[in-house]
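No lab work stands behind these numbers, since they all come straight from the coordinates. Please read these numbers as outputs of a predicted model, since none were measured by experiment. Neighbour counts are summed over all protein chains in view; Cβ atoms, including those assigned to glycine, are modelled from backbone coordinates with ideal geometry.
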Amino acid sequence: MSQANEPEPPATAKPKAPRCRKRRQRRKRQIAYLAICSLSVAVFGLALATLIRPAAAADADAELDADASNERTEKKGDDNNPQVEWRAGYAGHGTTHEQMGELHWAPVDYTPYKPTVNYTRPPTAPTTAMNPIFNFTHKLYDSIISDEPALPPGYIVMQGDSLALGPKFHNADFRDLIARYWLVLLFILFLCVIIVVMPFVAVCYCCLCCCRRCRQGCPPCTSKQDAQRRLWCGVCLLILIVGLIFGIVIAFVTNRLLDRGFDQATVTMKRGSDDICLFLKDVADHVHHLMVYNYEEMQTHISDELSSAHKHIFLDLADTSESTSLGELERILHNMPEARQLMEQVAKMETDLRFYGAQLRDGLRGMKRDINFAVANLCTTQECQTFLSSSSIELIDTSKCLHFDTIPNATLYLEGLNIVVKENYIKIPTDGLTRMENVSLKVKEQLNSVTPSMIRDLNGGRDTFRSHARRIRNQVDAVLSQIHLKTSRSSRSFDDVYDKFGNNRSVISVIVCLLMIMILGILIVSLLCGCFGRRKTGYRDDCCSKATAANCLFLAILLIFCMISFITLMGLVYFMIGLVTYQGACAPLRDVDKNGLFRQLDSMVDLNRYLPRADDAEPLKAAPPLRMSNALKMCEANQSVFDMLRANRLYDINELKRIKVMSSEEDSDSTKIFDEDMSKTELLTKEEFGKLEAMRQGGAANYHSELFKDLCSEFTPVNLNALGEKMYALSNSLESPTFGWARVSFWNEGLNAKSYYQNFIPKLTTIVEKMKSNMKRIDELILYENRDFNNSIRLLLKAVRESQNFIQTKGTRYINELGKNLTSTISNMIDEYISMVIDESNENVGRCEPLAYIYHQGVDLVCRSMVDPINGYWVGVLLCALLFLPILYVSHRLMCLYKKVYPYMASVASHVDVVYEGGCPVCTGLPYVQQTCAGGQQAYCACPGKEQGRPSGGAGPADEDPVFDGQVSLLEMNKHKQD
């Protein structure tokens, strides 16, 4: 029953086992076959490498011979092609510094000129307020004086180098001048009429009683009209007073400016003299700095380059030919003793590393065995099983840092380095460098035959530029000194004006100003009294009434009549002096091209006569005369002194380009600096090459620190200290009676873990770090481009062979190319120096701004300090003189208005009213009837009581009659006021 219920196995289950067995056997045979094939290939490769290595040196020699033949072929091609690629992939001469953008020869670093000149500054001009007046006089003279020449002969003459008033001016002979200009004639005639006629008008005004004859009219009837007349006349007088104030201010200020101009002329010219001296010194220092000091800097720089040229050429040759590889080889072999010492330390540390590592590894394996036994037999709890699976005890001895099978044996490298040091291979590259140094000595010997001539040419150029600097300084000194001399003398023009008038001029001018101020004060007082004082009543008039105003106006009229001719005469005199001196001092300096008088005077001054002639200077052909006008015009544009000298054909700074400093420039292309035969020059002999080839294949051939890359300090996958603490905790967690042996075992293994950590881990870590540090230092000492020792020496030997081949085939030509580059560089330095001197001279040397300042403060001083104040003075004086004419009329009219008496103002105290029948007898011409009161009393007497006044000659009521003061009769008051 039970057998029937059991399931039957599938039909395919029986033949499955034989097929799987056969498949496994077939796979095993395939694996064995592949292993045998791999082993055969490895053995064959090892044998082939052993056979190829001895032939490597022969192949290198064959490669060198092939390279030499190729170089010879290139040399033949180089002779036909001037564009030679000295070094593959490098432009120019194939040097490294050229690829970095640097030049073969350093440029000259010139010291810039720093001026230390502090020019004096003039005080602030106080004539700003008077400039409109001065400009008015300039425009006036320019508009009325238009002929050429502006002044007839005899009015302005030359005395030495300055202008002076001529004999016609001293003799007051202005006929020629007046005859030429009708407007001037009319103006002078008008002033003369005023001067002559006004005294007669004054006599008539005073003698014929015009001054006291004023129409009185009827003040009570014309009071309104009189008030309007007083208003308009007062306004007119106020306007005239304002104009009079303006004229007096102009006259007073210009008179002070004229006095100050004479006083400051000497100070201004002394300041100009100091500035011109500073300017000349600055120009001389700047020229000396450019042509002497900067040239000496260039000469010193070129001399230094020539003295070290052989070193420079040698270094460039070594760089381009890659002879520096010989130096690298010498460095490596020189460092061999130090590298050997470091390798000895590495070998000893390697032995210690392997010894201590084996002890630690064995200890860890024993600890792992004991822990596994304790977990399997002494502690069967889940806690122990979990500890075993989670603490990585099974992998504790499998760290790659604890297995040193892949680390090479440093003793082999030490033996190789010992052989290098023992055989004294350092002598080979040292001898090669000595042979290379012989090339430098040959270059130096060849350059010593060329350098003296270059130094001699540079010394001759220094003398040439020094002579040019001296010549330029003398010419500039002469030109500017004469310009300043002419300017200072011209600034003393018209000194005879001051000598002629002297102190009397100033006294008279001040008197005129004081007289005008006195008249002005009287007019102002009269106007104030007339505006704010009471009207004249004829009874108890105040001191500031209109009567006082009338008296002040009368006094002003008398003073004007007395002084107008004298004031006008002073203005006329100043007008004539200003006219003549303006045309002689101001106009020529403002318009030198169009002014005929200045052209006439300028033609008398040729500064070429004062210039020194150098002995070696070429004679100037058809040199135009150097006029002051040209010099001043150039300085006005703030050009350079050299522009002025070139424009006047005195000296052209651009001629420096024709100077040839180096006499050997013409045949520099055909001259060879180096002509030694270097085809037999050897850096290393064949025997030395063979020794070095054998050295690189010695015991240290494969050395590189990368071979020790498996050196590490992570010796266990877990921290042994932490593992010991875990085992302590596990031991303490187990029950004492049941798992007593397990507790003891785990506690002991925790002690072992901590002991292994304290005794082995720090020591092994220190050994590993020290080995890494030593091998890194060994790499720096004996490796090249971070290659192993074998490849480093191989590349350096290849570079030495190529360098030797370059020197033998192209060395002579390359040195000559560098020599030509040296001569061309020196020529370019000299050309750049000359261009720098020319540009600096044309742009920055001797800017004429100080000369323009001296011109404005010197020559223009005459116009600003004397002529302009003279013209301003006559403008102010004649303005006042012309304003006196309307002031006379307005003052007379206003005086008459102020003299009118208004008698009805006196009847205020009487309280009596009187009315005339038929109107005012003064206005209508009716007969006057004296009115009386009732009882026979006068009308102007107060009647007692309230009696009705009885008119004796009129019919009007008494209360409408005008009331008068009883003390003054109306007829008596008006008897002198009738027309």
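A few points about this structure:
- Mean Cβ neighbour count within 10 Å, used as a protection proxy, ranking 378-385, 812-819 highest first: 812-819, 378-385
- Computed on the range 288-438, with alpha-carbon pairs under 8 angstrom and 6+ residues apart, the relative contact order is 41 percent.
- Trypsin sites (Lys or Arg not before Pro) lying in DSSP loop within the range 330-403, provided at most 15 other Cβ fall within 10 Å: none
- The peptide list 717-725, 652-660, 275-283, put in order of mean Cβ contacts within 10 Å with the highest first, becomes 275-283, 717-725, 652-660.
- Sorting 515-527, 764-776 by average packing, meaning the other beta carbons within 10 Å per residue, from highest down gives 515-527, 764-776.
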